Amino acid sequence: MPRGKLAMGSLETVSWLKGCLVYRFLLFIIWLSSFQDVAAHDKLNEHSSRSTTSELANPPGIGVSGPIQVSPSVIPKYASPALPWTPPMYPTFPDTYEPKLTGKCPTDFQAISSIIDTAASDCSQPFAALVGNVICCPQFVSLLHIFQGQHNVKSDKLVLPDAVATDCFSDIVSILVSRRANMTIPALCSVTSLNLTGGSCPVIDVTTFEKVVNSSKLLDACRTVDPLKECCRPICQPAIMEAALIISGHQMTVGDKIPLGGSNNVNTINDCKNVVFSYLSRKLPADKANAAFRILSSCKVNKACPLEFKEPTEVIKACRNVAAPSPSCCSSLNAYISGIQNQMLITNKQAIVCATVIGSMLRKGGVMTNIYELCDVDLKDFSVQAYGMQQGCLLRSYPADLIFDNTSGYSFTCDLTDNIAAPWPSSSSMTSLSLCAPEMSLPALPTSQTIKNHGFRNGGVGAFRLIIWVFLLYVVVRH
């Protein structure tokens, strides 16, 4: 099945059948995000005017250049709606407005307006928490890197003083919120104004940086980052780490382990990585720097499963001795997966990791049979689902953005919406999983012979098609 483009508020650009699916899936997203209770403009202005660094979440220990971490405290917990389900009202998107700025941030925001617009769209009010790990936080962090490098091109400094950083960070958030972004972005992405200051890195100016770092080598490595190669055969990432190690004062080579107990060393190196990002932002065009930083972020987020899940005790109990299709086993497994799939949208590679992690936990508990195959568990089952339908959305593993226009609203692209089987791990250890191994490939598309046990999952393919046409008739009658 080809990729489907989900577009809110418009059925005119897709076929009737596909449009119906898109319509229902996005109505579910709208319900899930509960964004009709949008704060009034005066509340947004009030928030931006009184926001301080102390009100925001503390930055993660790994620093802004580390893997993107979405704070669980700001991810909403949703329960399935009571039956019968009825579509919610169409959403009303908040209007844009002129933000109230501090007046203490000496920066020309217009110079990076396109990057700000992208971040505002990627972190939009209804979707920020759902796409925080994959889209919103990577773009917000990239914006901060670019702002840090270009905040004052006439200055030799690559970082901001603490007081100025606080004001500028507040202004950045205010501008984003005024362009429909979610005001919880700092807490969602665990980022504060400290990320703009350089922290404990001893090198904070261009002159010193270029004296100790081979800047030509660094720029050559990161000027054009190949999204197909960088994650498995990195070129830019080791160049950034090498430069960070040099300016941090640690005479180490890339790959060396930092001594135990050296938390100060870790913090300094991560602070220096932010300085390296700032230098790259100063020397590269904003669009090229943004593209590079987003690719580097995608390499990090696709290595881990961002979902939170508990021990599958009940699944182990029901499936430990199963060797053939079992209603009780599949029911327990599907209930377990249903409890985690509505947390957020994830990528196809993240779904592979999530499926492998859960499968490893099951094998460790004594479940040796591939119950994913027995119960027809697909990769898309690990991401947000359209309520009442077997239709999930997996985002692409490469950087993507949410697109907003006044006609169709927000849109984004889903990958692998076909029934691609979830991979069952070969052992209870995660060490065998590699998304870069030459033999690694996504599971084959199922054949008609492999589609079975549909009685355990909402009626199977026939019922799924029936739901589509029933809903299509419902849309026609309703409109």
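The values are calculated or read from the model by the stated rules, or taken from the named source; none is laboratory data. Worth saying up front: this structure is predicted, and the values here are computed from it rather than measured. All Cβ positions, glycine included, derive from the backbone under ideal geometry; neighbour counts span all protein chains shown. We work out accessible area using only protein heavy atoms, side chains counted, and drop any ligands, DNA or RNA first. Shrake-Rupley method; radii C 1.70, N 1.55, O 1.52, S 1.80 Å.
Would you call GLN391 closer than 26 Å to CYS329 by Cα, without any contact (Cβ under 8 Å) to a residue 60 or more places away in the chain, open to solvent by 10 Å² or more (accessible area, probe 1.4 Å) and not aliphatic (A, V, I, L, M)?
When the stated conditions are applied, GLN391 does not pass them.
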Legend entry - Failed item in (1) under 28 Å from SER411 (Cα atoms); (2) at pLDDT 95 or above; (3) small (Gly, Ala, Ser); (4) crowded, with 24+ Cβ neighbours inside 10 Å, with GLY132 passing the rest: (2)
Inset, instruction - Test each condition in (1) in a loop (DSSP other than H, G, I, E, B); (2) free of Cβ contacts under 8 Å to residues at least 40 places away in the same chain for CYS305 and report the one that comes out false. - result: (2)
Inset, instruction - Among residues belonging to the range 137-160 that are under 21 Å from LYS104 (Cβ atoms) and aliphatic (A, V, I, L, M), point out the one that is modelled with the lowest pLDDT. - result: VAL153
Legend entry - Residues of the range 224-244 classified as β-branched (Val, Ile, Thr), assigned to a loop (DSSP other than H, G, I, E, B) and touching a helix residue (DSSP H, G or I) at 6+ places or on another chain (Cβ under 7 Å), total: 2
Legend entry - From VAL177, VAL191, residue being buried (at least 21 other Cβ atoms within 10 Å of the Cβ), closer than 19 Å to SER298 by Cα and touching a Pro at 6+ places or on another chain (Cβ under 9 Å): VAL191
Inset, instruction - Would you mind stating whether ASN264 is part of a helix (DSSP H, G or I), more than 17 Å from HIS145 (Cα to Cα) and at pLDDT below 95? - result: yes
Inset, instruction - Could you check how many residues of the range 394-410 are modelled with pLDDT of 80 or more and either of a type outside the set (Phe, Trp, Tyr) or surrounded by 21 or more Cβ atoms within 10 Å (Cβ to Cβ) (or both)? - result: 9
Inset, instruction - Look through the range 336-348, keep the residues that are within 15 Å of PRO312 (Cα to Cα) and in a helix (DSSP H, G or I), and return whichever of them is most open to solvent (accessible area, probe 1.4 Å). - result: SER338
Legend entry - Single condition PHE109 does not satisfy, out of (1) at pLDDT below 95; (2) touching an Asp or Glu at 6+ places or on another chain (Cβ under 8 Å); (3) under 30 Å from PRO306 (Cα atoms); (4) not hydroxyl-bearing (Ser, Thr, Tyr): (3)
Inset, instruction - Would you please name the residue that is farthest from ASP415 (Cα to Cα), looking only at residues in the range 349-376 that are among the polar types (S, T, N, Q) and surrounded by fewer than 23 Cβ atoms within 10 Å (Cβ to Cβ)? - result: THR369
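Out of ASN265, ASN270, ASN342, ASN290, which single residue is within 20 Å of the chain's Cα centre (by Cα) and closer than 30 Å to LEU245 by Cα?
On the way: ASN265 fails: within 20 Å of the chain's Cα centre (by Cα); ASN270 fails: within 20 Å of the chain's Cα centre (by Cα); ASN342 fails: closer than 30 Å to LEU245 by Cα.
None of the other options fit; the residue is ASN290.
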Legend entry - Where LEU196 falls short, out of the listed (1) open to solvent by 10 Å² or more (accessible area, probe 1.4 Å); (2) closer than 27 Å to PRO399 by Cβ; (3) not β-branched (Val, Ile, Thr): (1)
Inset, instruction - Could you tell me whether VAL164 is in contact with a Cys (Cβ under 7 Å, 6 or more places away or on another chain), open to solvent by 10 Å² or more (accessible area, probe 1.4 Å) and more than 16 Å from ALA292 (Cα to Cα)? - result: yes
Inset, instruction - Please tell me if SER178 is among the hydroxyl-bearing types (Ser, Thr, Tyr), free of Cβ contacts under 8 Å to residues at least 12 places away in the same chain, out of contact with any Leu (no Cβ under 6 Å at 6 or more places or on another chain) and over 25 Å from PRO306 (Cα atoms). - result: no
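Quick test for you: out of VAL213, VAL254, pick the one residue that is closer than 20 Å to LYS300 by Cβ and either out of contact with any Cys (no Cβ under 8 Å at 6 or more places or on another chain) or at pLDDT below 95 (or both). Reasoning before the result, please.
Details: VAL213 fails: closer than 20 Å to LYS300 by Cβ.
Being closer than 20 Å to LYS300 by Cβ and either out of contact with any Cys (no Cβ under 8 Å at 6 or more places or on another chain) or at pLDDT below 95 (or both) holds for just one of VAL213, VAL254, which is VAL254.
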Inset, instruction - Go through the range 320-335 and give me each residue that's open to solvent by 70 Å² or more (accessible area, probe 1.4 Å) and aliphatic (A, V, I, L, M). - result: ALA323
